[in-house]
Amino acid sequence: MDNTPKKLEVGVAVVMKVSKEKRDEIRRSLIEAAVGLFVEKGFAETSMREVAARASVAPGTAYKYFPDRDQLLVAFFELKFADTEAATFALPGYTTFCLKEKLQAFIESLLSEYLQEREFVAIAMKSLVDAPLQSIGAMQPLKARFTMFADQVLDDAVVASHPNGLTHKGFFSSLFWDYSILVTLYWLKDDSENFAKTSEFIDRSLDLYVALLESGVVDKAARLLGFFVKNHLYGNLEQIASVVSGLGQLGRDTFGAKP
């Protein structure tokens, strides 16, 4: 029985199936090459061919992984998220951390991952902000991963004021994504020693986040909004319908068919 590796023959070329580990290696090398070039030359001045050459792969291979430069930006943040998540879960005693400690550990690990490429992060964030409509769609998969992480942290946390579960967990999970962007932008502008101002900002802002969650104020606000809609908006629908009907009749009387 022939146990030699399977090969796919295309004309005279012989193509070996690429393992997942090799694909991940190529993907990471392309991202790292792009980071260096974007910092050296600028985002708009760097071509995909130059990225491929820096990563020592064929141009066709580079385009196979990343059809354009914008996807390289998104891929960088996805890679940093994966590395941050792994580093956070690997922290000694992580499972015993309280809610704030888990969120703080993640944010601080994320900034640590960004630190070596801080200049590139600034370039990437500016490119994403300059094209908000395009970046919103491109970043949706990453936002979903942030949300899933926050969901897990909230599920694991013991929140005394929500013994039956957090009603608006989706709001708080989505808020954590926006919060991570805000912290990153603050950190990029922080010129204090060892980013002391950022550390204080994270500490104080997470206190507010947890207090907001534990206070149940979002649930109370939602109930108030529901009361307003039900008793004022819906309650006035009959009057609104009557006014609309009257305007419609006035229009027909004024602009209606001639006798």
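The values are calculated or read from the model by the stated rules, or taken from the named source; none is laboratory data. Note that the structure is predicted; figures quoted are calculated from it, not measured. Cβ sites come from the backbone with ideal geometry, for glycine too, and all protein chains shown count toward neighbours.
Only one entry in D155, D151 is over 21 Å from F201 (Cβ atoms), among the acidic types (D, E) and modelled with pLDDT under 85, namely D155. Can you say whether S205 is within 26 Å of M148 (Cβ to Cβ), under 14 Å from the mean Cα position of the chain (by Cα) and in the same structural domain as E117 (by TED's automatic domain parsing), as far as the supplied structure shows? No, not satisfied. Between K230, K189, the distinction of being at pLDDT below 85 and of a type in the set (K, R) belongs to K230 only.
Yes/no matrix, rows are residues, columns are (1) farther than 15 Å from T84 by Cβ; (2) touching a residue at least 24 places away in the same chain (Cβ under 8 Å); (3) outside any loop (DSSP other than H, G, I, E, B):
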residue	(1), (2), (3)
F120	yes, yes, yes
S127	yes, yes, yes
G137	yes, no, yes
L142	no, yes, yes
R145	no, yes, yes
D151	yes, no, yes
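Among the residues of segment 80-118, what is the count of those that are under 17 Å from the mean Cα position of the chain (by Cα) and either charged (D, E, K, R) or not in a helix (DSSP H, G or I) (or both)? Adding up the residues that qualify gives 5.
Within segment 38-70, which residues are within 25 Å of G137 (Cα to Cα), in a helix (DSSP H, G or I) and modelled with pLDDT of 90 or more? Answer for segment 38-70, where residues must be within 25 Å of G137 (Cα to Cα), in a helix (DSSP H, G or I) and modelled with pLDDT of 90 or more: F38, V39, M48, V51, T61, A62, Y63, K64, Y65.
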